[in-house]
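A short worksheet on the structure shown next.
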Amino acid sequence: MPSMNKSMRAGLVLGALLWSGCGSDDDEGACVQVAVFARSATGSCTSYPSTCDVPEGYVECCGGFLGGCSDSEARCVDDTTDSCSPTSGGADCPGTCQ
């Protein structure tokens, strides 16, 4: 049964590693590990690997092929700084999350 002991130890170590990441009291600043599109006040939408990778001062882009907002409480509104209008046939117009 030595192989079972190795398997049990490996399972316990793996379980402890996975469990240690749960239940943290510091979840408020947690990074959402999903591609996020964001832009500066004068730039265009750029993809970032997580919400923590978006530079300070950038706004999240949404709508069209970009999808929705990563924050479930935010809503996607038309980006008035571009010439694309969702009410004038621009179904793929990017917006910003507010």
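Readers should treat all values here as calculations from the given coordinates under stated rules, not as data from a laboratory. Here the structure is a predicted model, which means the values were calculated and not measured. For neighbour counting, all protein chains shown are included, and Cβ atoms are generated from backbone atoms with ideal geometry for every residue, glycine included.
Compute, for region 31-81, the length of the dipole vector about the Cα centre, with Cβ point charges of +1 (Lys, Arg) and -1 (Asp, Glu) only. Units Debye, rounded to 20. Before the final figure, lay out the partial values.
Working: 2 positive and 7 negative charges, 22 e Å.
Around 100 debye, computed over region 31-81.
Quick check: net charge around Cys93, other residues with Cβ under 11 Å of its Cβ, Lys/Arg +1 and Asp/Glu -1? It would help to have the intermediate numbers written out before the result.
Details: positive: none; negative: Asp78, Asp79, Asp82, Asp92.
Charge balance in the 11 Å sphere: -4.
By counting other Cβ atoms within 10 Å of each Cβ, how are Arg39, Arg75 ranked from fewest to most? Mind dumping the intermediate values first?
Working: Arg39 20, Arg75 13.
Going from least to most buried by this count: Arg75, Arg39.
Find how much the distance from Cys52 to Asp82 grows on full extension, using 0.36 nm per residue of separation minus their present alpha carbon separation; answer in nm with one decimal.
Working: separation 30, 0.36 × 30 = 10.80 nm, distance 2.56 nm.
Length difference between fully extended and current span is 8.2 nm.
Quick query: amide H of Tyr48 versus all other amide H atoms, modeled in the peptide plane; which residues come in under 5 Å with a sequence gap of 5 or more or a different chain?
Result for Tyr48 returns Val36, Phe37, Ala38.
Just going by the charge dipole of region 45-93, with Lys and Arg at +1 and Asp and Glu at -1 on Cβ, which of Ser83, Cys52, Ser72 is farthest out on the positive end?
Final value for the positive-end residue is Ser83.
Under the rule a/c < 1.5 gives rounded, and otherwise a/b versus b/c splits prolate from oblate, where does region 31-81 land using the Cα gyration tensor?
Numbers: a/c = 1.60, a/b = 1.14, b/c = 1.41.
The shape class here is oblate.
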